[in-house]
Every structure is written in C-alpha cells, then in structure tokens.
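I have placed the structure first, in the form of structure tokens, so that the comments after it can refer back to it.
Where a number appears in this text, it was derived from the coordinates with a stated rule and is not lab data. This structure is a prediction, so every number in the text was calculated from the model and none was measured. Ideal geometry is used to build each Cβ from the backbone, glycine not excepted, and the neighbour counts take in all protein chains shown.
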C-alpha cells in the first residue's frame with residue numbers, strides 16, 4: 001500500500017471513529033493502530049493527533065476490559 005493510501009485510510013478511520021458510538025470506536029482501534037504502524041514503518045511521521053487518538057482509544061479498550069471483570 002502506498003503511503004498516500006495509508007494516510008487516507010488513517011484519516012478515514014479518524015472520521016469514522018469521531019462519529020461512532022463507544023463500542024464501534026473500540027472495535028476500530030486495532031485497525032487504526034495497524035495503519036499507523038505501517039505509516040511509521042515506511043519512515044513517515046505519524047501526525048500527533050492520530051497518535052493521540054490511538055493512545056486514547058487504547059486506554060479506552062483497556063478500561064473496558066476492566067469494567068467487565070468480576071470483583
């Protein structure tokens with residue numbers, strides 16, 4: 001996949017995540033993370049807003065796992 005396609009995919013995911021409900025946002029996090037990893041692997045700089053979004057979603061995923069854990 002060319003870098004321009006990867007960046008466009010990341011932007012599309014960003015928009016989809018912005019409009020999605022919590023469950024869908026969490027489901028899209030692995031895709032976003034994978035695309036950002038590919039961008040970085042190509043030697044390109046990943047925009048800070050996308051890194052921040054991925055970090056926030058990762059935190060949400062971890063938190064959601066603990067919410068479902070019996071006490």
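Among the residues of region 15-36, the ones that are free of Cβ contacts under 8 Å to residues at least 24 places away in the same chain, in a helix (DSSP H, G or I) and more than 17 Å from residue 5 (Cβ to Cβ) come to 6 in all.
Quick check on region 41-54: of everything there that is assigned to a helix (DSSP H, G or I) and loosely packed, with under 12 Cβ neighbours inside 10 Å, which residue is farthest from the chain's Cα centre (by Cα)? Per the criteria, the residue is 41. The number of residues in region 1-10 that are without any contact (Cβ under 8 Å) to a residue 40 or more places away in the chain and touching a helix residue (DSSP H, G or I) at 6+ places or on another chain (Cβ under 8 Å) comes to 4.
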